2 protein chains.
Amino acid sequence: MTKYRIAVVGGTGPQGRGLAYRFALAGHEVVVGSRDAGRAKEKADEIAERAGVAVAGGENAAVAAAADVVLLAVPWDGHGELVTGLADALAGKVVISCVNPLGFDGGGPYGLVLEESAAQEAQRLVPSAWVVGAFHHVAALSLWKTPDALSHEDVLVCGDDVEAKELVAGLATAVTGKPGIDAGALRLARQLEPLTAVLISMNKRYKTRSGIAITGIQV
Amino acid sequence: MTKYRIAVVGGTGPQGRGLAYRFALAGHEVVVGSRDAGRAKEKADEIAERAGVAVAGGENAAVAAAADVVLLAVPWDGHGELVTGLADALAGKVVISCVNPLGFDGGGPYGLVLEESAAQEAQRLVPSAWVVGAFHHVAALSLWKTPDALSHEDVLVCGDDVEAKELVAGLATAVTGKPGIDAGALRLARQLEPLTAVLISMNKRYKTRSGIAITGIQV
């Protein structure tokens, strides 16, 4: 398997931390990014200790600039501003978005009404990047709690560039032990991202960590 | 298991036909509805022959008025007008919506940008109905091709009334051999409905009939 230098922008959040851990376990060179380089390094140490391999940390723009592949694992709130600020560092790179634009109120989680998904917004803001949507649905705690492959789940991958999508589908092996599923064009991120609201809703209802599997496809 | 008289409005379409077949096989009294009573009866005969039990057919409003439970299996195009026309027949009933508001173009299928799902629209148009969203993701051909339970798939059920949702979760046994999963509030139909675009996209990509399964939940 090809090993990549992967920058996890927002790697101090639970989803970023969990994915950074899995990528590090799988032998990729992982660099955790944060707005605050000190916090990034703290989190990198925590991940390194658990994974048993070196993990570096630094400020978002610096780690993104030095990486082959950048994972955006940031909150939706402030997403456009953050991506704009990183545009130079992201230019020409494979950029993975696992950002979920969700709202929460007394009725629980729900998908925001948007004409454009987070992944599409990133693509629009950085036209030369190869943006791929993936890793929206694997629960942060499931990623972090054990080193076991989440072999009963599937990673759905969407994007408009076939090679970038294949690269990211391959990275999914670090999470599920098998390649991700090609879910289609980047615009389908509008469907994949808010599906996370349904999973969170089920987690609360059934007191579990639910995940998605696709039947009828062998990858 | 409680047996219901189920009217399948739009039962001449592939999704309606497939679900009517499964409900008939499971011992429910199924009545197929169409705008045209003659076409409804033809389709009812086709389903009856395959299921080996009696299936009736008639005009949409008439079959809905006589049913305990009404399944809306109609195209999104014209949905509001159709539900408005059936409002009297749907009043006070459990109404299941499996309607998928999708668009198709050269780039494939996609979810329409809507503030309100089809299920929410039906609820708004018939406030006294108990609207439940379900059965969006089971492929029409998988429903129709064999009498076998689609035991590897899950039916996701959303709604705001607990009893109506439980009734519909029970009906899912006719399709998957197990109850449906409570996916949350009716507004999450905004996430469930267009997810079908992703499944159709994967069907084309992998030449298969894909389906959804939820991991981490035992029903």
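Odds and ends about this structure:
- Restricting A:Val132, A:Val219 to residues that are at the interface with chain B (Cβ under 10 Å from one of its Cβ atoms) and β-branched (Val, Ile, Thr) narrows the list to A:Val219.
- Wholly enclosed helices (runs of 4 or more DSSP H) of the range B:1-113 bearing at least 1 residues surrounded by fewer than 17 Cβ atoms within 10 Å (Cβ to Cβ) and under 17 Å from the mean Cα position of the chain (by Cα): B:14-25, B:79-85
- Beta carbons closer than 7 Å, at least 6 apart along the sequence or on distinct chains, pair a first residue in the range B:195-219 that is in contact (Cβ under 8 Å) with a residue 40 or more places away in the chain with a second that is acidic (Asp, Glu) and open to solvent by less than 50 Å² (accessible area, probe 1.4 Å) for B:Gly211/B:Glu153; B:Ile212/B:Glu153; B:Ile212/B:Asp154; B:Ala213/B:Glu153; B:Ala213/B:Asp154; B:Ile214/B:Asp154.
- All positions within the range A:95-113 that are within 14 Å of chain B (Cβ to nearest Cβ) and in contact with a strand residue (DSSP E or B) (Cβ under 8 Å, 6 or more places away or on another chain): A:Pro101, A:Leu102, A:Gly103, A:Phe104, A:Gly108, A:Pro109, A:Tyr110, A:Gly111, A:Leu112
- Selection over the range B:183-193 of residues that are touching a Pro at 6+ places or on another chain (Cβ under 7 Å) and touching a residue at least 24 places away in the same chain (Cβ under 8 Å) gives a count of 1.
- Scanning the range A:174-184 for residues that are surrounded by fewer than 24 Cβ atoms within 10 Å (Cβ to Cβ) and within 17 Å of B:Ile212 (Cβ to Cβ) gives A:Thr176, A:Asp182.
- Residue selected from the range A:190-211 under the condition at the interface with chain B (Cβ under 7 Å from one of its Cβ atoms) and open to solvent by less than 10 Å² (accessible area, probe 1.4 Å), by the criterion farthest from the chain's Cα centre (by Cα): A:Met202
- Every condition in (1) more than 30 Å from B:Arg50 (Cβ to Cβ); (2) touching a helix residue (DSSP H, G or I) at 6+ places or on another chain (Cβ under 6 Å) is met by B:Val70 except one, and the failing one is (1).
- Counted residues, the range B:114-123 - those being within 14 Å of chain A (Cβ to nearest Cβ), open to solvent by less than 10 Å² (accessible area, probe 1.4 Å) and among the hydrophobic types (A, V, I, L, M, F, W, C): 1
- Residue tally, condition among the charged types (D, E, K, R) and farther than 17 Å from A:Ala213 by Cα, over the range A:135-173: 6
- Close pairs (6 angstrom Cβ cut-off, 6 or more residues apart or separate chains): on the phi > 0 side of the Ramachandran plot in the range B:2-28, buried (at least 19 other Cβ atoms within 10 Å of the Cβ) anywhere: B:Gly10/B:Gly16; B:Gly10/B:Ala73; B:Gly10/B:Val74
- Identity of the residue in the range A:159-173, open to solvent by 20 Å² or more (accessible area, probe 1.4 Å) and more than 10 Å from chain B (Cβ to nearest Cβ), that ends up nearest to A:Ala149 (Cα to Cα): A:Thr173
- Scanning the range A:114-142 for residues that are within 19 Å of A:Ala185 (Cα to Cα) and in a loop (DSSP other than H, G, I, E, B) gives A:Leu114, A:Glu115, A:Glu116, A:Ser117, A:Val126, A:Pro127, A:Ser128, A:Ala129, A:Ala134, A:Phe135, A:His136, A:His137.
- Subset of the range B:142-155 that is among the charged types (D, E, K, R) and within 11 Å of chain A (Cβ to nearest Cβ) - its residue that is surrounded by the fewest Cβ atoms within 10 Å (Cβ to Cβ): B:Glu153
- Among (1) touching a Lys or Arg at 6+ places or on another chain (Cβ under 8 Å); (2) of a type in the set (Gly, Ala, Ser); (3) more than 10 Å from every other protein chain (Cβ to nearest Cβ) - the single one A:Ala139 does not satisfy: (3)
- Verdict on B:Gly80 being more than 29 Å from A:Ser117 (Cα to Cα) and in contact (Cβ under 8 Å) with a residue 40 or more places away in the chain: no
- Residue list for the range A:155-184, filter: in a loop (DSSP other than H, G, I, E, B), within 22 Å of A:Gly27 (Cβ to Cβ) and in contact with a strand residue (DSSP E or B) (Cβ under 9 Å, 6 or more places away or on another chain): A:Val155, A:Ala172, A:Pro179, A:Gly180
- Of all residues in the range A:174-184, exactly one satisfies the criterion of being within 13 Å of A:Gly159 (Cα to Cα) and more than 7 Å from chain B (Cβ to nearest Cβ), namely A:Gly180.
- Taken together, the criteria place B:Arg187 among residues that are at the interface with chain A (Cβ under 8 Å from one of its Cβ atoms), part of a helix (DSSP H, G or I) and open to solvent by 30 Å² or more (accessible area, probe 1.4 Å).
- Selected residue [closer than 24 Å to A:Leu192 by Cβ and in contact with a Leu (Cβ under 7 Å, 6 or more places away or on another chain)] from B:Leu195, B:Leu150, B:Leu188, B:Leu199: B:Leu195
The values are calculated or read from the model by the stated rules, or taken from the named source; none is laboratory data. Just so it is clear, the structure is predicted and the values come from calculations on it, not from any experiment. All Cβ positions, glycine included, derive from the backbone under ideal geometry; neighbour counts span all protein chains shown. Just the protein is used for accessible areas: all its heavy atoms, side chains included, with ligands, DNA and RNA removed. Shrake-Rupley method; radii C 1.70, N 1.55, O 1.52, S 1.80 Å.
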